[in-house]
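Written out below as structure tokens is the structure these notes cover.
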Amino acid sequence: MSKYITTPIYYVNGEAHIGHAYTTFIADTLARYERLKGEDTFFLTGTDEHGQKIEEAAKKAGKPTQVFADEISAKFKNLWDEFEISYDKFIRTTDDYHKEGVKKAFLKMYEKGDIYLGEYEGNYCVSCEAFFPETQLIDGEFCPDCGRSTSIVKEESYFFKLSKYQDRLLELYEKNPDFIIPKAKANEIVNFVKGGLKDLSITRTSFSWGVPLPKEVNNPKHVMYVWLDALLNYITALGYENSQEQLMYRYWPAFVHLVGKDILRFHSIYWPAFLMSLDLPLPKHIAAHGWWTRDGEKMSKSKGNVVYPKEVADAYGYENFRYFMLREVPFGQDGDFSQKALIDRINSELSNDLGNLLNRIIGMSSKYSNYHIDSKDVLKYHKKELDAVDEILEGLDKFMEQVQPNRYLEELWKVFVIGNQAIQESEPWVKIKNNQEDEALATVALVANILARASVMLYPVMPKTAQKIASALKFEIDNNSYERFVNNKELLSPFDIEKIPPLFPKIEEPLLKDVKKEEKKEEEEVKQEKPKEENQDNLITIDQFFKTELKVATVIEAQEVKKSKKLLKLQLDVGEEKPRQIVAGIKEFYSVDELVGTQICMVANLKPAKLMGIESQGMLLAAKDDEGLCLIRPEKPKKPGTPIG
Ligand code: ME8
């Protein structure tokens, strides 16, 4: 049976970060695993290049859209090449064959009566390229996914009859409980579909950077909605309706589409519905992973805390980084990147458990047998240990099938524990002295065989490292060695082990600059610079001071700003006709309840500004030091609006 594995195609509006790397590493690991087993495998990745978001990003960069898309797409491809990602095809949605395939699919759905012309009005988020019902918007305006402002878009649009497929979709989820991985995520989707599916607007007239409709439809104003265009990449890459179509017969339906949790809905509802409309078989799994943060915080360019895969890989090693990402997080759950966690895993699991085991047998065999290792007595002295290892290895397959690389690695590591324990318990250094050479050498050979089998299984996650271990043990990792050592449990033929340098040198301290420490340093520098400024010309006249209108105000209402850790929204009585609204960063220091009814002091003539999209019409006065923040308040109650000065 063939296995077709895909990543999402990445938007070309920014550089790849660890979120993209994570999906790609998992897909690459699955593909390598399948090939190792001898499965006919096709692994697809690529870039998603149409839509308003890309058009706007190109404009901002001052480049023609295609040139901009070419540049960023090439960056993704180069990055994956540096990581030696073993994709079979890199698709770009601006490729001609893709655009032709998309038009053909549209026409098929149109001729079938699944597409009709209507009018769409809705709240559109340009960043997510998606419409959201009013009920889902935050504060009636902001996108529930990314928090950015949405705008009302009204336009003529073609619709796909998604509602027609509601029952078939529910049947799909019911009959195939592992269609969505992990299962916990399936409930959300089932409930969403049960809540009722509206027909889906699948064309746009408000911008032009997209695939035009097929000429038969004769409506050149429209381009295709980017998600219809994007999802179809999974079949156009296999030559859907063109001369390469034999790939379609060979690999479709996909074994798994790997996605992030934010795009699960598109893949588990829209995509199967499109395929049903095209009368094509459905993918076996949609596997959705969680979200990565850095040091517990959401990554964002403005915070400057985005983790770029190449930076981490250059500092810590490509495969160490890849191992960390796959091992750190149970598939489907959110994960946190921190240098501490990465260093801990490198030092304890890679260096202590695995690297040391290899060093130990290189060291012992150099002393006891001039590097020669012979498996002849392994079963005599260590059958129990080898059986335990094989039992673990036999259980690994299901973890890859269920897309649980972390569980796969967790289990695999148990065999290194068995190897280390065997050495500890049989103490070959004592046996050698007591003339029990056969037994001592059998322990060394046991560990060599454990490492041989385990390195084959480690290969999908750490290909080069695994090959290094194998070459020290004088074999190559490929389908043949998988058959020999893992499937048929063959023992290594006699060989001379190669003395290789330690695979995982210990890491003493963080190798990347730490965002938080850097921020602190900057703050310190700013603080230290301040007195200099004061000594210079920063005295003001009394007139300048009175340009600032300071007033007493009473808090009449306070509310938390959703999705913000710091902000509260206050309604203040400043003695004016209407209350003033202020957004202040005091949520960590004051609760809503303790503010209402109290008085504060404020700057009343500041130009209004927007914070998280909410207007703030002034600023309150507060003092902040290392111990926290306190509000500046009148000593006795004063009439709201009383001037200060
Ligand atoms: O969504 N942690 O592209 P994309 C984990 N073009 N994963 C993350 C992440 C994070 N912090 N940030 C993003 C698209 N991702 C579409 C796909 S497929 C037909 C079209 C993941 O470049 C995100 O969940 O915005 C998604 O799976 C992937 O990166 C691509 O995101």
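The values are calculated or read from the model by the stated rules, or taken from the named source; none is laboratory data. As the structure is a prediction and not an experimental result, all values here were calculated from the model. Glycine also receives a Cβ, built like all others from the backbone with ideal geometry; neighbour counts cover every protein chain displayed.
Picking from residues in the stretch 461-490 that are in contact (Cβ under 8 Å) with a residue 60 or more places away in the chain and over 27 Å from GLY363 (Cβ atoms), the one that is surrounded by the most Cβ atoms within 10 Å (Cβ to Cβ) is TYR482. If I ask for residues that are of a type in the set (D, E, K, R) and in a strand (DSSP E or B), which ones from the stretch 542-585 would you list? Correct list: LYS551, GLU557, GLU560, LYS569, ASP573, ARG580. If you go through the stretch 553-585 and pick out every residue that is surrounded by 14 or more Cβ atoms within 10 Å (Cβ to Cβ), touching a residue at least 40 places away in the same chain (Cβ under 8 Å) and under 16 Å from GLN617 (Cβ atoms), you end up with 12. Total residues in the stretch 373-421 satisfying the condition of being among the polar types (S, T, N, Q), assigned to a loop (DSSP other than H, G, I, E, B) and under 29 Å from the mean Cα position of the chain (by Cα): the figure is 2.
Could you go through the stretch 245-260 and let me know if any residue there is within 18 Å of PHE42 (Cβ to Cβ) and acidic (Asp, Glu). Looking for residues that are within 18 Å of PHE42 (Cβ to Cβ) and acidic (Asp, Glu), one finds at least one in the stretch 245-260, hence yes.
You will find that of THR65, THR41, THR94, the residue that is polar (S, T, N, Q) and in contact with a strand residue (DSSP E or B) (Cβ under 8 Å, 6 or more places away or on another chain) is THR41 and no other. Those strands (runs of 3 or more DSSP E) of the stretch 589-645 in which at least 3 residues are closer than 17 Å to VAL561 by Cβ and not hydroxyl-bearing (Ser, Thr, Tyr), considering only elements entirely within it, cover 609-611. Among the residues of the stretch 132-154, none qualifies, meaning not one is more than 20 Å from LEU258 (Cβ to Cβ), crowded, with 21+ Cβ neighbours inside 10 Å and within 16 Å of the ligand (Cβ to nearest atom).
When the stretch 237-274 is filtered for residues that are more than 25 Å from the chain's Cα centre (by Cα) and within 13 Å of the ligand (Cβ to nearest atom), only PHE274 remains. Hey, any hits in the stretch 146-154 for a residue that's in a strand (DSSP E or B), under 17 Å from HIS222 (Cα atoms) and outside the structural domain of GLY613 (by TED's automatic domain parsing)? Yes: one or more hits. Looking across LEU611, LEU595, one residue alone is out of contact with any Gly (no Cβ under 6 Å at 6 or more places or on another chain), at negative phi and at pLDDT 90 or above. It is LEU595. Restricting attention to the stretch 277-289, the residues that are away from the ligand (no atom under 16 Å from the Cβ) and either touching a strand residue (DSSP E or B) at 6+ places or on another chain (Cβ under 8 Å) or among the polar types (S, T, N, Q) (or both) total 2. Scanning the stretch 290-342 for residues being of a type in the set (Gly, Ala, Ser) and within 12 Å of the ligand (Cβ to nearest atom) gives a total of 4.
Out of the residues in the stretch 213-260 that are touching a Phe, Trp or Tyr at 6+ places or on another chain (Cβ under 9 Å) and of a type in the set (D, E, K, R), which is nearest to GLU100 (Cα to Cα)? Among those that are touching a Phe, Trp or Tyr at 6+ places or on another chain (Cβ under 9 Å) and of a type in the set (D, E, K, R), it is GLU216. Listed by first and then second residue, the pairs linking a residue in the stretch 174-197 that is surrounded by 16 or more Cβ atoms within 10 Å (Cβ to Cβ) to a residue that is part of a loop (DSSP other than H, G, I, E, B), with Cβ atoms under 7 Å apart and 6 or more places separating them unless they lie on different chains, are ILE181/GLN402; ILE181/VAL403; PRO182/PHE331; PRO182/GLY332; LYS185/GLY332.
Cβ separations smaller than 6 Å between residues 6+ apart or across chains give the following pairs from the stretch 291-306 residues that are farther than 18 Å from PHE324 by Cα to residues that are within 7 Å of the ligand (Cβ to nearest atom): ASN305/MET299.
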